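Colleague: The structure is given below, and queries will be raised subsequently.
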Amino acid sequence: MKFLAIPFILFFLFFSCKVTSQNNNHELLTEMDPEKSISTNTADSENYKTLIEVMRASELEELLADDGPFTVFAPNDSAFEKLPRNKVAELLKPENRKELKDLMAYHIVAGNFSASKILKAMCRGNGTATFTTVQGKELIATMQGIDIVLSDSIGNSAKITSADANQCNGVIHEIDGVITPGNL
């Protein structure tokens, strides 16, 4: 019985994420050119004004223009607005550059991990997948209903709201929160 349940769960997870991805990706995918880099597409997008500002300040924009591949869990502007008041302005100060770089590098994983690959990793991990970020710390992916949710080591979480925006050097998954490698 256990062996029959596993293919059913895999089938459900794959297609539920695919449906969610198709329903939520329209705006994101129409703005992004798969022939351009992650860096170029985020700079050209209306959804990521804050993200590109902090990527430039942390000097990670150049990394995301390189060959990659990279997977970026990209907080949209609304996600940054959920941070404590003036937190982004504080992080943008020159004396906080290392903290800002650590924060933003925590949203990047080396390799191209589509939503399907994330789901497969979760199935192999009994419902949990662990990814090591460019920053060096681990990021946990789990399912909540039909959503892929990312969690950091201190309990913050963010849901993937638009998946699989393919770029010439990787993939972007839009998330609804900012995850942190430690206390922010």
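The values are calculated or read from the model by the stated rules, or taken from the named source; none is laboratory data. As the structure is a prediction and not an experimental result, all values here were calculated from the model. Quick reminder, even Gly has a Cβ in these numbers, built from the backbone with ideal geometry, and neighbours come from all protein chains shown.
Colleague: Go through (1) out of contact with any strand residue (DSSP E or B) (no Cβ under 8 Å at 6 or more places or on another chain); (2) under 18 Å from Pro181 (Cβ atoms); (3) in a helix (DSSP H, G or I) and name the single condition Leu51 misses.
Modeller: Unmet condition: (1).
Colleague: Please indicate, with yes or no, whether at least one residue in the range 43-50 is of a type in the set (A, V, I, L, M), under 18 Å from the mean Cα position of the chain (by Cα), under 22 Å from Ala129 (Cβ atoms) and at pLDDT 90 or above.
Modeller: No, the range 43-50 has no match at all.
Colleague: Let me ask you something else. Going through Ser162, Ser153 one at a time, which residue ends up being at negative phi and over 13 Å from the mean Cα position of the chain (by Cα)?
Modeller: Exactly one of Ser162, Ser153 is at negative phi and over 13 Å from the mean Cα position of the chain (by Cα), namely Ser153.
Colleague: A further question follows. Looking for something free of Cβ contacts under 8 Å to residues at least 24 places away in the same chain and in a loop (DSSP other than H, G, I, E, B) - is there at least one such residue anywhere in the range 92-100?
Modeller: Yes, the range 92-100 contains a residue that is free of Cβ contacts under 8 Å to residues at least 24 places away in the same chain and in a loop (DSSP other than H, G, I, E, B).
Colleague: Step by step: first the residues of the range 70-91, then only those that are buried (at least 17 other Cβ atoms within 10 Å of the Cβ) and in a loop (DSSP other than H, G, I, E, B), then the one that is farthest from the chain's Cα centre (by Cα). Which residue is that?
Modeller: It comes out as Leu83.
Colleague: Would you mind telling me which numbered condition in (1) closer than 20 Å to Ala79 by Cα; (2) touching a helix residue (DSSP H, G or I) at 6+ places or on another chain (Cβ under 8 Å); (3) free of Cβ contacts under 8 Å to residues at least 40 places away in the same chain Ile154 fails?
Modeller: Unmet for Ile154, out of (1) closer than 20 Å to Ala79 by Cα; (2) touching a helix residue (DSSP H, G or I) at 6+ places or on another chain (Cβ under 8 Å); (3) free of Cβ contacts under 8 Å to residues at least 40 places away in the same chain: (2).
Colleague: If we keep just the residues of the range 149-165 that are within 19 Å of Ala110 (Cβ to Cβ) and in contact with a Ser or Thr (Cβ under 8 Å, 6 or more places away or on another chain), which is surrounded by the most Cβ atoms within 10 Å (Cβ to Cβ)?
Modeller: Step by step, filter the range 149-165, then rank; the result is Ala163.
Colleague: Do you know which of the residues in the range 59-82 that are out of contact with any helix residue (DSSP H, G or I) (no Cβ under 9 Å at 6 or more places or on another chain) and of a type outside the set (S, T, N, Q) is farthest from Leu139 (Cα to Cα)?
Modeller: Asp67
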